[in-house]
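S.K.: Dropping the structure in here first, questions after.
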Amino acid sequence: MSGKIILSIILVFLFSGFYGGRPNTRNCNYPNSARGSSAQDESYPFELLRYFEGNWSQVYKYWIYPGAEPFEESGNTENKIIMDKFLQMVSVSHQIIGGSVYTLQVIGYDSKLKQYFICDMDESGSNIITAQGKYDESKDMFVLKGNENLAKGQKRYFEYLTKLISKDEYVCELYYTLPFGEKFKTMEIRNIRNK
């Protein structure tokens, strides 16, 4: 075979996706490890947010201080893609210590900064927080960091992890950084897709 024919065969395989290609992942609600996507695809960061679409039941665990026994509450969330499918709005309602709390979260991807972000606010408007970060493809986990404004101009730093377990489950964890640099897990939310 001539060199041109061999080169043509190699190119056909490459462009057909037979070798080194990846399946079409649009509208696929699977974590990255289960679907073989590549973060090099420009639409990939936005498409990954589709994983969270739908209705989910939640179990919350809260720790008031390090070493304390956690208390549990339940809730639900309805997640929708908004703004031409680039951002995700999450409406959450759950029971905390006997009362209902309504929280709105906006989650998206900033294509200029190449970072995911979250803005979280509750009905009182007294605790609006934001965080930015990356998606760790090797761990199927979002790692977002931010700070929360406290009284008298003080700030509290936190890390917000979202672990993609399967197409029907994800877990969120919130860690505060204590004054001496130690991390304290203050919240865990296990989300199970309603079918």
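The values are calculated or read from the model by the stated rules, or taken from the named source; none is laboratory data. It should be emphasised that the depicted structure is a prediction, and the values quoted were computed from it without experimental measurement. A quick note on method: Cβ atoms are made from the backbone with ideal geometry, for glycine too, and the neighbour counts reach across all protein chains shown.
S.K.: Would you pick out the residues in the range 98-151 that are closer than 15 Å to THR162 by Cα, without any contact (Cβ under 8 Å) to a residue 12 or more places away in the chain and part of a loop (DSSP other than H, G, I, E, B)?
M.R.: SER138
S.K.: Return the residues of the range 176-193 that are part of a loop (DSSP other than H, G, I, E, B) and polar (S, T, N, Q); say none if nothing qualifies.
M.R.: Filtering the range 176-193 down to residues part of a loop (DSSP other than H, G, I, E, B) leaves 178-182.
Residues satisfying the conditions do not exist here.
One line per residue, one yes/no per condition, for (1) part of a helix (DSSP H, G or I); (2) at pLDDT below 50:
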| residue | (1), (2) |
| --- | --- |
| PHE15 | yes, yes |
| ASN24 | no, yes |
| SER33 | yes, yes |
| LEU49 | yes, no |
| VAL59 | no, no |
| GLY67 | no, no |
| ASN79 | no, no |
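S.K.: Looking at the range 161-174, can you tell me whether even one residue there is closer than 22 Å to GLU73 by Cβ, touching a residue at least 12 places away in the same chain (Cβ under 8 Å) and outside any strand (DSSP E or B)? Working first, answer last.
M.R.: The initial filter retains those residues of the range 161-174 that are closer than 22 Å to GLU73 by Cβ, namely 161-163, 165, 168-174.
Restricting the remaining residues to those that are touching a residue at least 12 places away in the same chain (Cβ under 8 Å) gives 161-163, 165, 168-174.
The next check asks that each one be outside any strand (DSSP E or B); those that pass are 168.
Yes, the conditions are met somewhere in the range 161-174.
S.K.: Ok, one more. Whether any residue in the range 157-170 is charged (D, E, K, R), within 23 Å of PHE184 (Cβ to Cβ) and touching a Ser or Thr at 6+ places or on another chain (Cβ under 8 Å) is what I want to check.
M.R.: Initially, the range 157-170 is screened for residues charged (D, E, K, R), giving 159, 163, 167-169.
With the extra rule that they be within 23 Å of PHE184 (Cβ to Cβ), the set shrinks to 159, 163.
Still in the list and also touching a Ser or Thr at 6+ places or on another chain (Cβ under 8 Å): 159.
Within the range 157-170 (the criterion being charged (D, E, K, R), within 23 Å of PHE184 (Cβ to Cβ) and touching a Ser or Thr at 6+ places or on another chain (Cβ under 8 Å)), the answer is yes, since at least one residue qualifies.
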